[in-house]
Amino acid sequence: MTTQKVEEKVIYTSTTPVTTTVLWVSRHPPLLAQLIQLEQKLGGIKVIQLSGIIPSAEFVIEKAKEYGARVIVPVLPLSFIARLCELAQKEGITLLYAQMECIAVLKDMQDAQRKVQEAPERRNIATYSDGTVRVFEFKGFKRIKRVVLELEDW
């Protein structure tokens, strides 16, 4: 059994004095439009990316504390985000959700790449096991307050 190590790296530092460290938990680095919006809201930023297999929400919070991050952008399963939300609130850490809208579902990677090139600072590509390629466009950040699962009988 192979275990994949979590990769940690500084991927962006503002040219202005850094006032906020952001922990970006995703296999994809932030888009330029995302960095611009973070800087507009937070001032000078340093962005540290965690990628790989993230073991737990507790691990993410410990890393945030280690780096002095007051903001976390998690691109993780909702159940993971729900636990992270509970822990982050106790630590006074803000969680942000990067709203990404699917603007195209395609079969051809070249078509998808052409679609991304129309607005590369706002768009990225995700591939799926069914052979489709989806193009997503960044729409903005929202603060995550809580994650709720509501069920009903059927």
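Here are the numbers for the structure shown:
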{"item": "The chain: C-alpha pair distances exceeding 19 Å, %", "result": "59 percent"}
{"item": "Within the chain: Cβ-based charge dipole about Cα centre, in debye rounded to nearest 20 (Lys, Arg +1; Asp, Glu -1)", "result": "420 debye"}
{"item": "Kirkwood Rh in Å, taken over all unlike Cα pairs in the range 52-142", "result": "14.9 Å"}
{"item": "Local electrostatic count at V71 - Lys and Arg +1, Asp and Glu -1, tallied over other residues with Cβ under 10 Å", "result": "+3"}
{"item": "Residue with peak Gaussian network fluctuation, the chain [Cα springs, cutoff 10 Å], from R114, R143, R134", "result": "R114"}
{"item": "Within-14-Å neighbourhood charge of A33 [Cβ basis; K, R +1; D, E -1]", "result": "-1"}
{"item": "Extension gain (nm, one decimal) between Q117 and V148, 0.36 nm per residue minus Cα-Cα", "result": "7.5 nm"}
{"item": "Value of relative contact order over the range 1-116, rounded to a whole percent, pairs C-alpha under 8 Å and six or more apart", "result": "27 percent"}
{"item": "Sites D108 and V75, calculated FRET efficiency, Cβ-Cβ separation with R0 25 Å, nearest 0.05", "result": "0.50"}
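Coordinate-derived values only; no laboratory data. Keep in mind that what you see is a predicted model, and the values were worked out from it rather than measured. A quick note on method: Cβ atoms are made from the backbone with ideal geometry, for glycine too, and the neighbour counts reach across all protein chains shown.
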